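The values are calculated or read from the model by the stated rules, or taken from the named source; none is laboratory data. Values in this document were obtained by computation on a predicted structure and should not be read as measured data. Glycine also receives a Cβ, built like all others from the backbone with ideal geometry; neighbour counts cover every protein chain displayed. Surface accessibility is based on the protein's heavy atoms, side chains included, excluding ligands, DNA and RNA. Shrake-Rupley method; radii C 1.70, N 1.55, O 1.52, S 1.80 Å.
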Amino acid sequence: MEERARSCLLRSRATLEQDIKASYLMDHMISDGVLTGVEEERVLSKPTRREQAAALLEVLLWKDNRAYISFYNALIRESYGDLASLLHNDLPQLSPEGEKSYSNGISPTVQAILSEGGVPQRPVVFVNRPALLNKVREKLYKLQNAVGWVTVFGMAGSGKSVLAAESVKDHTLIKECFPDGIHWLSVGQCERADLLVRLQSLCFRLEQSQVSEAPLRPPSSLEEAKERLRFLMLRRFPRALLILDDVWDSYTLRAFDIQCRVLLTTRNRSLTDSVSGRYLVPVESGLDEEKALEILALYVNGKLHNLPEQARSIVKECKGSPLVVSLIGALLREFPERWGYYLRQLQKKQFQRIRKSSSYDYEALDQAMDASLQVLKKEHRELYKDLSVLEKDVKVPAKVLSVLWGKELEDVEDVLQEFVNKSLLFRDCNQRPYLYYLHDLQLDFLTEQNRSQLQAYSKGLPTSVDVECLYWYRFLPHHMARAGLSKELYSLMFSLDWVKNKAQIMGSAHLINDYVEYGAILDQENSEVRLQFQEFLSLNGHQLEQRPFPDVVQLALSQPHSSEVYKQALLQAKERANRG
Ligand code: ADP
């Protein structure tokens, strides 16, 4: 049901509950086919008239526009004219003409379906890419009568996610191919545990969007989550589309191989090689010149032909990358006279280049990013650099950053707002509280710039057990590995204190996983010591799960005397003895 209609029902709820007789209205709604016999029974099982009315309204709130209209008509037929007039102004339009007449081309019905499925909104400045859009839609139509995969692939920042979100903003497509809804999931690079969390949240969202008797407990393993999702898609959302944004590996992909309709974005074109029923849409890395110029013009509120001559050179310099053009556009909005300056920034190939194994050209982005940073106040620039500790593709609430920065939540939100406005940070408005995240190219850039900051974090770990602190315990080794801080990684992970703290907060499984995950790096320093720590954890894992938490030094003292774990424990035991 679209937002206006739902809001009207909620506002009128108390009055409706007071007056209506649900059993009369339900007869009409059943004959209109918007209410089932089971739902009717559930309403009638309530003991009083008022409770029945409340139950009917509750059921109605989960339904679509047709149900609202049917309810409205039933009120009229049962001579509740006054009550019907409360609902009249917000009656949804069902005709295709009504659906088309909205300025941005997105009708409230489509908007409601997309918000419910967590599909992101358009960026503030948006240009259409009709040829590409049609290609994606054409492929999506192939899923009308059969399950399968549509893969949109291309380099980072080329506009894949924006395109995927745009492709489903079409009433006819939804009606004909995906009448059971569109469900968006941001996947990103994720480990087993993260993947489980994402699957859990997807299952939760799907379960929430139906009236269910008793809430189910979240699935506790990947296999269980996959089965739950398979069941939900098959039984409750058979013709829905699942959009998986930014999938990296086939391992993740397999978790969603559940015989349903999927649209996925990825940088890896061969990701879906092994699945059947697949359709590929390549996204070129840059926009054509006119489109890129249009973005710049929209940012500065100007007309294409009024753009200065440097505009074309900027587009040429960054090869029309939607991400870079948007970053520069956002800067120009604030400093409209700086065309020459930003062009020079782009042309000066003086910034340290972010080298990756792939062949992506990051150079232009580096420069655009640095230019974005330079316009921030010095104090904010430092805060922004701290964001390099965020995990790739993980979205965090402002509260996490308030812990990191040691600032009041409201101050943090103000700073984040500024970053969002400058396209330096992204905000997911589909969640409450809002979640913030960096584009992964921005994160790469910051990581490169910011090694020293990470080194400092390893020294001053938080010690309280705030939920936010979990983040640092969980991701610090990962950040160090990614930033190439091998020395810091050894000293962190070859430390009994770290083992003690992390095991106490997160349990032993995660910790063991770190030693496996970063084994190759640790082995360059000392493979023996790595094995000693891993063995200690494997042997004592179950003890470390016990509460009260055991004395780790005591446990470690039972290790072989040649083990580094034993040596550190002995030192600590002696210190304890000296302290008395
Ligand atoms: P990808 O998924 O390929 O990494 P995104 O879709 O996230 O890339 O796009 C990166 C950024 O580029 C967006 O945040 C937006 O600022 C800009 N962008 C992408 N597509 C468009 C578009 N059609 N119009 C305007 N800006 C766009």
Cα extents of the chain along the three principal axes, largest first (Å): 87, 69, 50
Quick one: if you stick a label point 7 Å off each Cα along the C-beta vector at D82 and D257, how many nm between them? 6.3 nm
K21: which aspartates and glutamates have alpha carbons under 15 Å from its alpha carbon, excluding same-chain residues fewer than 8 sequence positions away? E40, E41, E51, E58, E78, D82
Relative contact order (percent, whole number), the chain, Cα cutoff 8 Å, 6+ residue spacing: 10 percent
Give me a comma-separated list of calculated 3J(HN,Hα) values for the stretch 527-534, in order, Karplus coefficients 6.51, -1.76, 1.60 applied at θ = phi - 60°, integers in Hz, x for any Gly or Pro. 6, 4, 4, 4, 5, 4, 5, 5
Restricting to bridges with both residues inside the chain, how much of the DSSP beta-bridge set is antiparallel, in percent to the nearest 5? 20 percent
Rounded if a/c is under 1.5, else prolate if a/b beats b/c, else oblate: with a ≥ b ≥ c from the C-alpha gyration tensor eigenvalues square-rooted, which is the stretch 176-300? prolate
Quick one: of K291/K378; K316/K399; K169/K303; K63/K135, which pairs are farther than 29 Å apart, Cα to Cα? K291/K378; K316/K399; K63/K135
Sulfur and carbon atoms: percent of accessible area, the chain [1.4 Å]: 49 percent
Added length on full extension, which subtracts the Cα-Cα distance from 0.36 nm per residue, Q208 to R122: 28.5 nm
What does the accessible area per residue of the stretch 6-84 come to in Å², with a 1.4 Å probe and no ligands, DNA or RNA counted? 49 Å²
Solvent-accessible area of Y434, probe 1.4 Å, all protein chains present, reported in Å² to the nearest ten, please. 80 Å²
Just grab the label-to-label distance for D414 and S495, each label 7 Å out from Cα along the Cβ direction, in nm (one decimal). 3.5 nm
Describe numerically, in nm with one decimal, the distance between label points set 7 Å from Cα along Cα→Cβ at N306 and at E41. 6.7 nm
